[in-house]
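What follows is one structure encoded as structure tokens, with my remarks underneath.
What follows is calculated from the coordinates using simple rules that are stated; it is not laboratory data. Only a predicted model underlies this, so the values are computations on that prediction, with no experimental measurement involved. In this analysis, Cβ positions are derived from the backbone assuming ideal geometry, glycine residues included, and neighbour counts consider all displayed protein chains.
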Amino acid sequence: MKAADIARAVECLAPVELAEDWDNVGLLVGDPAGEVKKVLVCMDLTEPVLAEATRARAQMVIAHHPVIFKSISRVTADELPVVYEAVRRGLAVYAAHTNLDAAPGGTNDVLADVLQLVDRRPLDPIVRQGRCKVVVFVPPDDLAEVARAAFAAGAGRIGNYQDCAFFCHGIGSFYGDSSTRPALAEAERHDLTEELRLEVICSRSNAGAVCGAIRAAHSYEEPAIDTYVLEDTRSGCGVGRIGRLRRPVTVQTLINRLKKATGLKKILLATASGERNGDRRGMLVTTAACSSGSGGSVFRKAVSQGATFFVTGELSHHDAIAAVAAGTTVVCLGHGHSERLAMSRLADRLAEQFPKIKITVSRRDRDPYAIV
């Protein structure tokens, strides 16, 4: 099996287009054509994890956090020792970060599973404006040629389907002055003509080429071409999750579920001001939310959507105050602890696809913080 094959499988589970613009995901180190027989899955590729991968004779590491995050100008043993050693040892390193957070079955869904949320949805759904709809009005005799030109320019592709289009019939009206040369009428006369509305989808980056191809194939001097930017919301994809409990449970019950799943003996708990933490643990929760990693970008969405319990990895002091002032109990597990459970899930899902590849979860991967 090649590293590229493993990478494609990860991208089927967590498409790279779901990643945030600032993120750096994908194959960051290594040869896509390199042979892979053993894979190590981890949160962070640290020196201990790198040593573990070497002892296990793994050819590839799949990490949640990118080992290369910002642009770099050099790879040396002093400045980037882990990257340098990975290159030197021929180790392929793949990062699945915010795309895994946003994807169905990723870090947020694993955390939502611990809470046992049902009827869940993203707190902040991903909306992409990567496609356009191009609309043009053509006489019936032009339809086939104009459609072929649009398809040849890259329009009409939806998933694994090609040459996709929509047509409907109508009547167009126009008046051309003395300088015009209408294809189907005379200048300086009001006219009505039978037309078909042709609609095709294309990428935003390709919209100019598609419009140019349509214009070149069209018989009109001035064809009417409209371009609409489309917002695409992918089902189940986005930051965080919110849902209801199948039956109301107490705050303490949710805390117990989180501790059992993560193995943590202590967590950070923020409750309504003026009360000791223990006073509100018996409160019933019907709607809860979660956001793996840092929850600062979505905690207000959790509050506004009715969550009275919010679990995340980390939340700033002032955000926690704002959340509990609005009546929401906040639990912080630690950034890594809120995401680590998903590494085992990812390894299991990949093992189902590659039964002949040994895929294991790192035992040397550790959270940088310890409660002492």
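Tabulated values for the structure
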read-out: Kirkwood Rh and Cα Rg combined as Rg/Rh, the stretch 27-114; value: 1.00
read-out: Built amide H within the under 5 Å cut-off of Met43, gap 5+; value: His64
read-out: Rough spin-label spacing in nm, given labels placed 7 Å along Cα→Cβ, for His169 and Arg88; value: 7.5 nm
read-out: Karplus-derived 3J(HN,Hα), 6.51/-1.76/1.60, for each residue of the stretch 267-272, Hz, glycine and proline x; value: 9, 8, 10, 10, 10, 4
read-out: Extension gain (nm, one decimal) between Ala370 and Glu35, 0.36 nm per residue minus Cα-Cα; value: 116.9 nm
read-out: For the stretch 127-235, Kirkwood radius (reciprocal of mean inverse C-alpha pair distance, Å); value: 14.7 Å
read-out: Two-decimal Rg/Rh across the stretch 259-372, once Rg and the Kirkwood Rh are taken from alpha-carbon atoms; value: 1.06
read-out: Nonlocal amide H pairs with Cys237, under 5 Å, H built at 1.01 Å; value: Ile126
read-out: Nonlocal amide H pairs with Thr287, under 5 Å, H built at 1.01 Å; value: Leu245, Thr308
read-out: Pairs from Lys260/Lys356; Lys2/Lys38; Lys260/Lys358; Lys133/Lys301 whose Cα-Cα separation, in the structure shown, is over 20 Å; value: Lys260/Lys356; Lys260/Lys358; Lys133/Lys301
read-out: Over the chain: helical MRE at 222 nm, DSSP H runs n ≥ 4 each giving -39500 (n - 2.57), nearest 500; value: -8500 deg cm²/dmol
read-out: Computed Kirkwood radius, in angstrom, where 1/r is averaged over Cα pairs of the chain; value: 24.2 Å
read-out: Cβ-Cβ FRET estimate between Glu79 and Leu230, R0 fixed at 51 Å, reported to 0.05; value: 0.75
